[in-house]
1. Can you tell me which residue in the stretch 121-137 is nearest to Ile13 (Cα to Cα), limited to those that are surrounded by 15 or more Cβ atoms within 10 Å (Cβ to Cβ) and touching a helix residue (DSSP H, G or I) at 6+ places or on another chain (Cβ under 9 Å)?
2. So which residues in the stretch 251-277 are without any contact (Cβ under 8 Å) to a residue 60 or more places away in the chain and not in a helix (DSSP H, G or I)?
3. Name the one entry in Leu321, Leu305, Leu341 that is closer than 29 Å to Gly219 by Cα and either touching an Asp or Glu at 6+ places or on another chain (Cβ under 8 Å) or not assigned by TED's automatic domain parsing to the domain that holds Lys236 (or both).
4. Has the stretch 325-333 got at least one residue that is among the polar types (S, T, N, Q), in contact (Cβ under 8 Å) with a residue 60 or more places away in the chain and assigned to a loop (DSSP other than H, G, I, E, B)?
5. Of the residues that make up the stretch 159-169, is at least one modelled with pLDDT of 90 or more and in contact with a helix residue (DSSP H, G or I) (Cβ under 8 Å, 6 or more places away or on another chain)?
6. Given (1) outside any helix (DSSP H, G or I); (2) touching a strand residue (DSSP E or B) at 6+ places or on another chain (Cβ under 8 Å); (3) not hydroxyl-bearing (Ser, Thr, Tyr), identify the lone condition not met by Met280.
7. Would you mind stating whether Asn58 is surrounded by 14 or more Cβ atoms within 10 Å (Cβ to Cβ), touching a helix residue (DSSP H, G or I) at 6+ places or on another chain (Cβ under 6 Å) and either in contact (Cβ under 8 Å) with a residue 12 or more places away in the chain or not assigned by TED's automatic domain parsing to the domain that holds Gly194 (or both)?
8. Would you mind telling me which numbered condition in (1) touching a residue at least 60 places away in the same chain (Cβ under 8 Å); (2) under 20 Å from Ser326 (Cα atoms) Lys306 fails?
Amino acid sequence: MKSHTSKLDVIVIGAGASGMMAAGVAAREGKRVLILEKNKVVGKKLSITGGGRCNITNAQYDTRLLLENYGNASKFLFSAFDQFNNKDAFTFFEKENLPLYTEERLRVFPKSQKAHDVTETMNRFIEHHNIIVQKGASVIKINHSKNKIVSIHAHIGSDEVMYSAQHYIFATGGASHPETGSTGDGFQWLSDLGHTVTNPTPGLVPWKVTDHWIREMSGTSIDDVAISIQSHEKKKKVRGRILCTHFGLSGPTVISSSHILRDAFHDGNVQVFIDIIPHMDYGVLNAHLLEIFAKHSNKKFKSVLKDIIGYKVPESFIECLPWIRSDTRLRDITREQRNKLVKNIKSIPINVTGFKGYGKSIVADGGVALKEIDWKTMQSLKILNLSITGDLLDIRRPSGGYSLQLCWTTGYVAGRKI
């Protein structure tokens, strides 16, 4: 076994978003830093985020409102976000010559629309501060004594190398997109070091749906849909854009509310309904139908579906309306049937059977218990020379730039406070 003899202040495990931020800030503060990265390139997951566009942060500048999106974790996050928030992220990237712009729902992207440019920006940041980056380094062992890490072992090619430093930062990411190297290794190390770790589950994920009409619309994006998730006496509603796929439903609204549906499944007896014309209330939709029925009284029901809904849906959509036949003439549809049609369109039941796995997950839930972290420094309260960042923390958050902002913030604080 080889031993790394250079004197190091900090070893960062993981060259993702939080790892590169932590390493660069620590080096900027005068620390001698080594990054160990198991992949042959840095920022592999970062380069595919946001469908290759990279939703880099969120432009909600009221910190209290921003942190509400992190659920119960918000009370822990104020100290860290007070040191580096989304305004600071804007300033950081624009100083690093990466122009940003804001889209709908306050989502922020690089103007180039290329996630790779974000990775390259972070790569230049760490290169500028003369950080040593050892790629292809797979950490296999963490040696510790009492409440400190003493050294770590890594495989580099056929060699086993031991490294030691005064301080360590775990920035390995969670368990989403395992093909990028995020295989959950950090969770096991942290558990072995005495931390309480909640097992990861796929977090922001698409839904598996069996309804034929949704699958037949694969590739179709619907800009405005309201989804109601009901379980026992609980009811949650979300609204926004969805994407129909060959396996079910995806898109920002579906993915962001996947944790709501997962919780509902735990409660049992789940029912999911969608309103495909949420901009029309019952009265407006009824008047809309009356106008169509009067204008096209001799047409068959199936031929006016597009006129009713506003976009093309497959004929199998009528399976949601078993009391009406597709070839029924509009003139033959009774008032009672029309009223029933209005109610059905505003509340279509869909059959959700589960979720896609880690390979389709934007983030994975689970991680280190938040009460075991000093949020002013991101240091472990159990291991004195260890800091923990990013997806290793047990924090739920929706899509919309919140995950990467968590990485920028926790990475910055960890690097600066060593």
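1. Looking at the filtered set, the residue picked out is Val133.
2. The initial filter retains those residues of the stretch 251-277 that are without any contact (Cβ under 8 Å) to a residue 60 or more places away in the chain, namely 251, 253-254, 260, 263-269.
Result: Gly251, Gly268, Asn269.
3. Working: Leu321 fails: either touching an Asp or Glu at 6+ places or on another chain (Cβ under 8 Å) or not assigned by TED's automatic domain parsing to the domain that holds Lys236 (or both); Leu341 fails: either touching an Asp or Glu at 6+ places or on another chain (Cβ under 8 Å) or not assigned by TED's automatic domain parsing to the domain that holds Lys236 (or both).
Testing whether each residue is closer than 29 Å to Gly219 by Cα and either touching an Asp or Glu at 6+ places or on another chain (Cβ under 8 Å) or not assigned by TED's automatic domain parsing to the domain that holds Lys236 (or both) leaves just Leu305.
4. Within the stretch 325-333, the subset among the polar types (S, T, N, Q) is 326, 328.
From what's left, in contact (Cβ under 8 Å) with a residue 60 or more places away in the chain: none.
Looking through the stretch 325-333, none of the residues is among the polar types (S, T, N, Q), in contact (Cβ under 8 Å) with a residue 60 or more places away in the chain and assigned to a loop (DSSP other than H, G, I, E, B).
5. So in the stretch 159-169, the residues modelled with pLDDT of 90 or more come out as 159-169.
Narrowing the set further to residues that are in contact with a helix residue (DSSP H, G or I) (Cβ under 8 Å, 6 or more places away or on another chain) leaves 169.
Yes - at least one qualifying residue is present in the stretch 159-169.
6. Result: Met280 fails condition (2) only.
7. Values: surrounded by 14 or more Cβ atoms within 10 Å (Cβ to Cβ): yes; touching a helix residue (DSSP H, G or I) at 6+ places or on another chain (Cβ under 6 Å): yes; either in contact (Cβ under 8 Å) with a residue 12 or more places away in the chain or not assigned by TED's automatic domain parsing to the domain that holds Gly194 (or both): yes.
Taking the combined requirement at face value, the residue satisfies it.
8. That leaves (1) as the condition not met.
The values are calculated or read from the model by the stated rules, or taken from the named source; none is laboratory data. Since the model is a prediction, treat every value here as computed from it, not as a measurement. Methodologically, a virtual Cβ is constructed for each residue, glycine included, from the backbone with ideal geometry; neighbour enumeration extends over all protein chains shown.
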